[in-house]
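Below: one structure, written as structure tokens.
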Amino acid sequence: MMVTLKPKKILLPKKERTRAQIMNAALRLFAVKEAGETSIAEVAVEAEVANGTIYNYFKTKDELLDASALFLAEKMAAEAELLMSEIQNEVERLAFGGILFLQRARKDSDWAWALIRVAAVAPRMSEILRAYPLRDMKKAISSGKFTIDSEESALGLYVGAIHYGIRNILEGRANHKSQDLDMIVLVLKAFGISHASAKNIAQRAYDKAWK
């Protein structure tokens, strides 16, 4: 009889595990309470560590907030990049990325609230979340797919629409998934894509995300 050995699970060093444990606890609290109002003591209780343990990793609450924001943004961006690895067209990548964030908000309201609340007080998160669509935005402009006068304004419209879409989902104003599709169509049209093309691109992104 052949015995199949399971691969040994590789654990992070204890110091890294504790740091991640603290940041995850902070993010769970940010899902239910404004990030700026959350205390170190509350994070310590949620993480099941002593107050002093947190200060071994983060000198101030702002440093913890910044690290948690970076952790959340990089994790989501990495997941999105992995799912988009086979999409080469920059317009389709932007459509799929937008749908993906809105889909995640529908599936995980705690994640979405943490994202919204942390983004409001952590500039580094906004920088990371802007960096990914910016690359595709630049390509779409240089290739002539987008007709845009201001790259910065276009990026603001894209990120702002997704942010607003997530809030609409969380606050019960967008209860149907089809509203996410409509929003992406409108964004693409604002960038100079024809209605028919915008609808086809958004529909493919929607189908891929929800398949």
Single residue of the range 115-145 satisfying the filter (open to solvent by 70 Å² or more (accessible area, probe 1.4 Å) and at pLDDT 90 or above) that is farthest from Ala95 (Cα to Cα): Ser142
Residue pairs, Cβ under 8 Å, 6 or more apart or interchain, first in the range 55-66 and under 13 Å from Ser39 (Cα atoms), second in a loop (DSSP other than H, G, I, E, B). List them. Lys61/Thr38; Lys61/Ser39; Leu64/Phe58; Leu65/Val121; Leu65/Ala122
Those helices (runs of 4 or more DSSP H) completely within the range 37-153 that have 2 or more residues that are within 21 Å of the chain's Cα centre (by Cα) are 61-83, 90-107, 109-119, 123-142
Got at least one residue in the range 169-187 being of a type in the set (Gly, Ala, Ser) and under 30 Å from Gly36 (Cα atoms)? yes
Residue check, Ile169 in contact (Cβ under 8 Å) with a residue 12 or more places away in the chain and closer than 13 Å to Gly97 by Cα: no
Tally the residues that are free of Cβ contacts under 8 Å to residues at least 24 places away in the same chain, part of a loop (DSSP other than H, G, I, E, B) and crowded, with 16+ Cβ neighbours inside 10 Å, restricting the search to the range 172-203. 1
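Rundown of residues vs (1) β-branched (Val, Ile, Thr); (2) in contact with a Gly (Cβ under 8 Å, 6 or more places away or on another chain), yes/no style:
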{"residue": "Asn51", "(1), (2)": "no, no"}
{"residue": "Leu70", "(1), (2)": "no, no"}
{"residue": "Ala80", "(1), (2)": "no, yes"}
{"residue": "Asn89", "(1), (2)": "no, no"}
{"residue": "Leu94", "(1), (2)": "no, no"}
{"residue": "Ile99", "(1), (2)": "yes, no"}
{"residue": "Ala105", "(1), (2)": "no, yes"}
{"residue": "Ser109", "(1), (2)": "no, no"}
Looking at (1) open to solvent by 20 Å² or more (accessible area, probe 1.4 Å); (2) modelled with pLDDT of 90 or more, find the lone condition where Ala44 falls short. (1)
Restricting attention to the range 69-114, which residues are small (Gly, Ala, Ser) and open to solvent by less than 30 Å² (accessible area, probe 1.4 Å)? Ala69, Ala73, Ala77, Ala80, Ala95, Gly97, Gly98, Ala105, Ala112, Ala114
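The values are calculated or read from the model by the stated rules, or taken from the named source; none is laboratory data. Remember, it's a predicted structure, so these values are computed and weren't measured experimentally. No Cβ is skipped: glycine too gets one built from the backbone with ideal geometry, and neighbour counts run over all protein chains shown. Please note that ligands, DNA and RNA were not included when accessible areas were found on the heavy atoms of the full protein model with its side chains. Shrake-Rupley method; radii C 1.70, N 1.55, O 1.52, S 1.80 Å.
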